[in-house]
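Beneath this line is the structure, given in structure tokens, with notes to follow.
The values are calculated or read from the model by the stated rules, or taken from the named source; none is laboratory data. Here the structure is a predicted model, which is why all the values come from computation and not from measurement. Note that each Cβ is placed from the backbone with ideal geometry, even for glycine, and that neighbours are counted across all protein chains shown.
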């Protein structure tokens, strides 16, 4: 990624987080696309938008003045996490039902339409959720299995981003339900049902110190992390919260969302920069009602959320 583009992206994230601290903040919400069981979202550096849901993964594209969702998988799957490395988009899903389905890793090149195909069947993961790459190029996966929640790591062939050569447990120390996952500066940030935890990624690739950074009053789902701070979706109470990297509370929106499952600062492209994109899952297991099942754009009117 060009450094100038990276600097612009970090500046936009910083301005969004900073808007949670000024006095008198409010938000304006515009529901833009229907996504059944909307889960996670990812922007590419040039502003393409990908979203996961309970039936498929989608690229959000503009057709005239309207935004539409273009499915990426030829077969239905309950999609969850998204990650991008180079020009390859990775997505986790469970095929055939959450309780007894097949947990998969799918991938496709964004330069070739991002059509997703299965590249790996998990052997030690039951409910793959958030995913993120380490600086060394290994993929971390949050396993949300309530009976055996943990972080799992995949290693890839050096010359083939579609070939997994190793699957191993990275950290299994006391997770309730690991969910959202981001990596920044050698640290994994993990939402764990009622908290945000950090796990040190040592230079040798093993898990180091673990720490509870934030304790939730609700239920945390996915999060966004940059050097400017943390944004996290509270699924239970329906709002977005902002924290500093050392866990200090900076503000929150009001309860304006139906089961928000992720929050992502926008990148100029298919939608304008300077806003937040929130996936609203709604009622768990309901893929058709008007409660959630959508993605929404959030304009911050400046100031501390009310």
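Selection of the stretch 257-286 for residues being over 15 Å from residue 40 (Cα atoms) and surrounded by fewer than 19 Cβ atoms within 10 Å (Cβ to Cβ) yields 268, 269, 270, 272, 273, 274, 283, 285, 286.
When we screen 81, 54, 97 for residues that are surrounded by 23 or more Cβ atoms within 10 Å (Cβ to Cβ) and part of a loop (DSSP other than H, G, I, E, B), the only hit is 54.
Among the residues of the stretch 194-205, which ones are in a loop (DSSP other than H, G, I, E, B), in contact with a strand residue (DSSP E or B) (Cβ under 8 Å, 6 or more places away or on another chain), surrounded by fewer than 16 Cβ atoms within 10 Å (Cβ to Cβ) and on the phi < 0 side of the Ramachandran plot? Quick ask: steps written out before the conclusion?
Of the stretch 194-205, the ones in a loop (DSSP other than H, G, I, E, B) are 194, 202-205.
Narrowing further to those that are in contact with a strand residue (DSSP E or B) (Cβ under 8 Å, 6 or more places away or on another chain): 194, 202, 205.
Cutting the leftovers down to surrounded by fewer than 16 Cβ atoms within 10 Å (Cβ to Cβ) gives us 202, 205.
Once the filter is applied, which keeps residues that are in a loop (DSSP other than H, G, I, E, B), in contact with a strand residue (DSSP E or B) (Cβ under 8 Å, 6 or more places away or on another chain), surrounded by fewer than 16 Cβ atoms within 10 Å (Cβ to Cβ) and on the phi < 0 side of the Ramachandran plot, the stretch 194-205 yields only 202.
Note on the stretch 100-122: residues that are in a helix (DSSP H, G or I) and surrounded by 13 or more Cβ atoms within 10 Å (Cβ to Cβ) total 1.
Of the residues contained in the stretch 27-42, none is found to be modelled with pLDDT of 95 or more and touching a helix residue (DSSP H, G or I) at 6+ places or on another chain (Cβ under 9 Å).
If you go through the stretch 95-131 and keep only what is under 20 Å from the mean Cα position of the chain (by Cα), more than 17 Å from residue 164 (Cβ to Cβ) and touching a residue at least 24 places away in the same chain (Cβ under 8 Å), you end up with 98, 110, 114, 115, 127, 129, 130.
Can you find a residue that is under 16 Å from residue 183 (Cα atoms), touching a strand residue (DSSP E or B) at 6+ places or on another chain (Cβ under 6 Å) and in a strand (DSSP E or B) anywhere in the stretch 123-130?
Of the stretch 123-130, the ones under 16 Å from residue 183 (Cα atoms) are 129-130.
Subsequent filtering for residues that are touching a strand residue (DSSP E or B) at 6+ places or on another chain (Cβ under 6 Å) retains 129-130.
With in a strand (DSSP E or B) added as a condition, the list becomes 129-130.
Yes.
Screening the candidates 212, 232 for the property of being in a strand (DSSP E or B), over 18 Å from residue 128 (Cα atoms) and over 14 Å from the mean Cα position of the chain (by Cα) yields one hit, 212.
Only one of the listed residues (250, 256) is more than 24 Å from residue 133 (Cβ to Cβ) and not in a loop (DSSP other than H, G, I, E, B). That residue is 250.
Condition first: closer than 25 Å to residue 266 by Cβ and buried (at least 19 other Cβ atoms within 10 Å of the Cβ). Can you find one or more residues in the stretch 155-173 that meet it? Spell out how you get there, then give the answer.
First, the residues of the stretch 155-173 that are closer than 25 Å to residue 266 by Cβ: none.
Looking through the stretch 155-173, none of the residues is closer than 25 Å to residue 266 by Cβ and buried (at least 19 other Cβ atoms within 10 Å of the Cβ).
The residue that is nearest to residue 286 (Cα to Cα), among those in the stretch 59-78 that are in a strand (DSSP E or B) and in contact (Cβ under 8 Å) with a residue 24 or more places away in the chain, is 78.
From 134, 92, which residue is in contact (Cβ under 8 Å) with a residue 60 or more places away in the chain and touching a strand residue (DSSP E or B) at 6+ places or on another chain (Cβ under 9 Å)?
134
For the stretch 215-227, the set of residues classified as assigned to a strand (DSSP E or B) and touching a helix residue (DSSP H, G or I) at 6+ places or on another chain (Cβ under 8 Å) consists of 224, 226, listed by residue number.
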